[in-house]
Amino acid sequence: MARAGAGVAAAILRNWPQFLELESSAEPPCAVILCGPGNNGGDGYVVGQHLSARGWRVEVLRELNHSHEGAAAHALANLPAAVEQHGFAMAATGHRPDIIVDALFGIGCTRPLGTEYLALFGAVAARPPRPATARWRHIPKVVAVDCPSGFDLDRGVFLAPEPPRSLDQEALTEWSTDESRRHIATDLCVTFHLPKPGHVLSALSGQRLEIVDIGLPGGAGKDAAALADLPKQPHALRLVDPVRGNRPKAFQRWFQSVTHLDKAAHKYQRGHAIVLSGGLGQGGAARMAARAALRIGAGAVTIAAPQSAVPETAAQINALMLRPLPDSYTLRGWMEDDRLRALCLGPGLGHKRAQEMVPAALWGKRATVLDADALSCFGEDPQVLFNHLHEDCILTPHEGEFRTLFPDLAAELHQSDRLTLTRRAAERAGAVVLLKGPVTVIARPDGCASVHPALRERAAPWLATAGAGDVLAGMITGLLATQDPHHRDILGAAELAVWMHVEAARQFGPGLLAEDLPDELPALMRALFA
Ligand SMILES: NC(=O)C1=CN([C@@H]2O[C@H](COP(=O)(O)OP(=O)(O)OC[C@H]3O[C@@H](n4cnc5c(N)ncnc54)[C@H](OP(=O)(O)O)[C@@H]3O)[C@@H](O)[C@H]2O)[C@@H](O)CC1
Ligand SMILES: Nc1ncnc2c1ncn2[C@@H]1O[C@H](COP(=O)(O)OP(=O)(O)O)[C@@H](O)[C@H]1O
């Protein structure tokens, strides 16, 4: 708690350095800290202690008749006399502060926030500004300790508060459509040790987030190896987050744990993957996917094209291999070759060919990535697809394809959280589902899931470019091809591919075309394997 509170105070000063020069002025910066009954409130007292020691005017609002226990009691007892303490009834009294700290409820918030708590923020923010202060100080910055109060850090949604009982129907409708009445809007959120799922899943995803090191060992946010080592338990949620700290070593361990490469292996032992391609003029997407599969580590990758597209494809490839694939009987025949480890269907495949080929590909029980047309072609009856899926499949829909396969779940996408919906989709499909977007969620049918944010310092908005998803499908296929068929880790391959996909995009920077992505991989791996 001592480190946590000190970290929040430091984050405030880092984010708003303009307050530093006011610290010894006649009008020092002012903070009102709203403290709750648990340890979140305790962190708030520590923040108050640090700001007060720097010369800030600090006021703590808390329930005066509540007695704390443990560390929070200690922190309260350590508050210097200069810190004013008032009950919540005094929220509207006094002057408007520069900073309002929300230390009411953090990770221990178990039920919707009562409206009396929400009203506290409005009351403090509506106080008259302190006379003789510059106008820029009239709008208080709101800082959340761990998360805004009332937020569910596991799911990334605000727990819907109960409406006040006094409201009539009209007022109730107005109340329930006004977001600002239902939760606290914050400018900065400071959390501890690691970001939690809720920080990246939805409502807070655009918000400034700082992570304070409180001295706990390990953790996925610091070291990707810790991510790889985490047990993949049902219902465990893993955060595929930046590899910080000792980057190369962590990445190496992570990569090796997913790919199972044997140094003495020949090309077919490194894994053979097949990417199915569409007809004449439709082969670009499959070629990009195939190139990505080869670049990321498959020993050999074959494009399977209809006869009509063979000359065109042959003219555009070198290291990639090419075989004509006239029909699904031929594909079934190829399944006799044990060296074939992974298949990718969808990019540029066309609905008709996808409908014919997907059942044959799934019959072979290889690791199979289904993307784009291989998903959308089952829009009329997704159950037909689900009936063919097996445990070594992964579906990689963007939101549109997700809507096609899971229309009822997609209807909830904007109210419920992406994590729950992706888990439900994976359970229904009986396969891993990877829902793409700036926040990518990957879920296994047993509930084990990962969240990968491409946000804040890892934002790569230029990745939203035509064909980027095809490349991702190829990268997953390539990683799966390297795996031992008896010990496949579909979720692991998807996590690593998604992370590398964003890293490759960040390495290239703006101006990226999807076809640049596979060729970014060698430099990325060189840097990370150094
Ligand atoms: N390693 C760590 O864990 C670290 C944790 N740290 C800090 O501790 C924080 C977690 O502290 P915490 O567990 O005491 O929970 P907290 O959020 O203060 O709330 C619990 C209290 O609120 C009550 N309550 C809940 N919901 C309510 C509602 N809607 N309306 C009204 N009351 C409600 C609940 O009552 P009950 O449900 O028991 O009736 C209980 O009294 C965490 O966010 C971080 O800031 C850091 O110091 C660093 C290390
Ligand atoms: N704003 C964004 N920031 C980072 N990545 C994004 C963003 N928008 C989309 N992506 C990623 O870009 C890829 C787009 O895939 P997709 O929609 O299937 O495109 P396509 O079908 O053209 O290949 C996905 O991997 C997705 O996660």
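The values are calculated or read from the model by the stated rules, or taken from the named source; none is laboratory data. No experiment lies behind these values; they were computed from the predicted model shown. Every residue, glycine as well, gets a Cβ built from its backbone with ideal geometry; the counts of neighbours run over all protein chains shown. With ligands, DNA and RNA removed, areas are computed over all heavy atoms of the protein, side chains included. Shrake-Rupley method; radii C 1.70, N 1.55, O 1.52, S 1.80 Å.
Condition (residue is over 33 Å from the mean Cα position of the chain (by Cα), aliphatic (A, V, I, L, M) and within 11 Å of ligand 1 (Cβ to nearest atom)) applied to region 58-75: is it met by at least one residue? Yes; the residues of region 58-75 include at least one that is over 33 Å from the mean Cα position of the chain (by Cα), aliphatic (A, V, I, L, M) and within 11 Å of ligand 1 (Cβ to nearest atom). Listed by first and then second residue, the pairs linking a residue in region 455-472 that is closer than 24 Å to Glu210 by Cα to a residue that is β-branched (Val, Ile, Thr) and open to solvent by less than 30 Å² (accessible area, probe 1.4 Å), with Cβ atoms under 8 Å apart and 6 or more places separating them unless they lie on different chains, are Leu455/Val200; Leu455/Val439; Arg458/Val502; Ala460/Val502. Taking Asn40, is it outside any loop (DSSP other than H, G, I, E, B) and under 30 Å from Leu167 (Cβ atoms)? For Asn40, the condition - outside any loop (DSSP other than H, G, I, E, B) and under 30 Å from Leu167 (Cβ atoms) - is met. Among the residues of region 29-57, those identified as open to solvent by less than 60 Å² (accessible area, probe 1.4 Å) and away from ligand 1 (no atom under 16 Å from the Cβ) are Pro29, Cys30, Ala31, Val32, Leu51, Ser52, Gly55, Trp56.
Table: residues versus (1) under 19 Å from Phe255 (Cβ atoms); (2) assigned by TED's automatic domain parsing to the domain that holds Leu261; (3) touching a helix residue (DSSP H, G or I) at 6+ places or on another chain (Cβ under 6 Å).
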{"residue": "Arg423", "(1), (2), (3)": "no, yes, no"}
{"residue": "Glu427", "(1), (2), (3)": "no, yes, no"}
{"residue": "Ala449", "(1), (2), (3)": "no, yes, yes"}
{"residue": "Leu463", "(1), (2), (3)": "no, yes, yes"}
{"residue": "Ala468", "(1), (2), (3)": "no, yes, yes"}
{"residue": "Ile476", "(1), (2), (3)": "yes, yes, yes"}
{"residue": "Gly492", "(1), (2), (3)": "yes, yes, yes"}
{"residue": "Leu512", "(1), (2), (3)": "no, yes, yes"}
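Within region 441-489, if we keep just the residues that are open to solvent by less than 10 Å² (accessible area, probe 1.4 Å) and polar (S, T, N, Q), the residue that is farthest from Leu261 (Cα to Cα) turns out to be Ser450. Among the candidates Arg238, Arg270, Arg208, the residue that is in contact with a strand residue (DSSP E or B) (Cβ under 8 Å, 6 or more places away or on another chain), under 30 Å from Ala103 (Cα atoms), modelled with pLDDT of 70 or more and surrounded by fewer than 22 Cβ atoms within 10 Å (Cβ to Cβ) is uniquely Arg208.
A quick yes/no check of all residues on (1) touching a residue at least 24 places away in the same chain (Cβ under 8 Å); (2) surrounded by 23 or more Cβ atoms within 10 Å (Cβ to Cβ); (3) out of contact with any Gly (no Cβ under 8 Å at 6 or more places or on another chain):
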| site | (1), (2), (3) |
| --- | --- |
| Gly281 | yes, no, yes |
| Ala285 | yes, yes, no |
| Ala290 | yes, yes, no |
| Gly297 | yes, no, no |
| Val310 | no, no, yes |
| Gln316 | yes, no, no |
| Met321 | no, no, yes |
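Out of Thr440, Thr420, one residue alone is hydroxyl-bearing (Ser, Thr, Tyr) and assigned to a helix (DSSP H, G or I). It is Thr420.
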